[in-house]
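Structure record follows, encoded as structure tokens.
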Amino acid sequence: AVLDAVDLMRVTINRKELDVVVDAPDESLKVLAESDGIDRIVSNLVSNAIKYTPEGGRVTVSLRALKRQVRLDVVDSGIGISRRDQEQLFSEFFRSTNPAAVALPGTGLGLAIVKSIVERHDGRITCESTLGKGTTFSVLLPRA
Ligand code: ATP
Ligand code: MG
């Protein structure tokens with residue numbers, strides 16, 4: 001599923017000469033969530049990372065099995081998100097006023113949808129970001 005999400009963005013990845021690294025274990029990790037939901041989580045986070053990272057940047061997607069949870073980290077070296085914006089990030093239709101982001105099209109729904117899917121499955125999503133440096137989104141979902 002992670003590789004599918006990356007493949008869908010291949011044209012953009014190539015155009016921006018991004019370095020996209022996927023780090024996932026060989027065994028499949030089963031989580032307590034519908035696969036449609038997981039696909040939407042991964043594709044929204046990966047497409048944001050690619051969209052909000054300037055040319056030549058790096059995006060890393062990693063999957064890890066913890067004892068009772070699976071952890072997904074999507075790390076980018078992109079434009080970053082201010083502290084103020086981080087508070088509203090998951091609200092419907094929220095879009096940053098960061099000049100580096102306003103020109104990029106979007107509806108501001110992606111993260112609101114991701115958060116609702118994660119919470120519906122008793123998971124957690126967090127964001128860590130430094131403006132101008134990059135962003136990490138981490139998702140924890142219970143293992144099946
Ligand atoms: P879409 O509905 O098409 O996903 P969107 O990307 O604008 O539109 P969200 O995915 O909900 O909407 O993201 C909300 C806002 O958060 C974005 O407009 C952008 O400003 C900011 N953002 C999200 N991901 C990142 C990221 N990885 N780096 C920097 N800013 C981000
Ligand atoms: Mg988005």
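No lab work stands behind these numbers, since they all come straight from the coordinates. If you're wondering where the values come from, they're calculated on a predicted model, not measured in any experiment. Glycine also receives a Cβ, built like all others from the backbone with ideal geometry; neighbour counts cover every protein chain displayed.
Laid out as a table, the results:
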{"quantity": "HN-Hα J in Hz across the stretch 118-135 - Karplus 6.51, -1.76, 1.60, θ = phi - 60°, x for Gly and Pro", "calculated": "4, 5, 4, 9, 6, x, 9, 10, 10, 10, 10, 8, 10, 4, x, 10, x, 9"}
{"quantity": "For the stretch 29-40, Karplus couplings with θ = phi - 60° (6.51, -1.76, 1.60), whole Hz, Gly/Pro x", "calculated": "9, 9, 10, 7, 7, 5, 5, 4, x, 4, 4, 5"}
{"quantity": "Rg/Rh (Cα only; Kirkwood hydrodynamic radius) as it applies to the chain", "calculated": "0.94"}
{"quantity": "Approximate spin-label separation Leu8-Arg120, in nm, with each point projected 7 Å along Cα-to-Cβ", "calculated": "1.6"}
{"quantity": "The stretch 67-121 - convex hull of the alpha-carbon atoms, volume per residue in Å³", "calculated": "108"}
{"quantity": "Calculated [θ] (222 nm, deg cm²/dmol) that DSSP helices of n ≥ 4 give over the chain, each run adding -39,500 (n - 2.57)", "calculated": "-9000 deg cm²/dmol"}
{"quantity": "Cys127-Lys30 pseudo-label distance in nm [points 7 Å out on the Cα-to-Cβ vector]", "calculated": "3.3"}
{"quantity": "Ser82, Ser43 arranged by Cβ crowding within 10 Å, fewest neighbours leading", "calculated": "Ser82, Ser43"}
{"quantity": "With at most 14 other Cβ atoms within 10 Å, longest stretch of the chain clear of loop trypsin sites (Lys or Arg not before Pro) (DSSP)", "calculated": "69-132"}
{"quantity": "Count, lysine Cα pairs under 20 Å in the chain, 8 or more residues apart or across chains", "calculated": "6"}
{"quantity": "Selection of chymotrypsin sites (Phe, Trp or Tyr not before Pro), the stretch 82-144, meeting DSSP coil and at most 12 other Cβ within 10 Å", "calculated": "Phe93"}
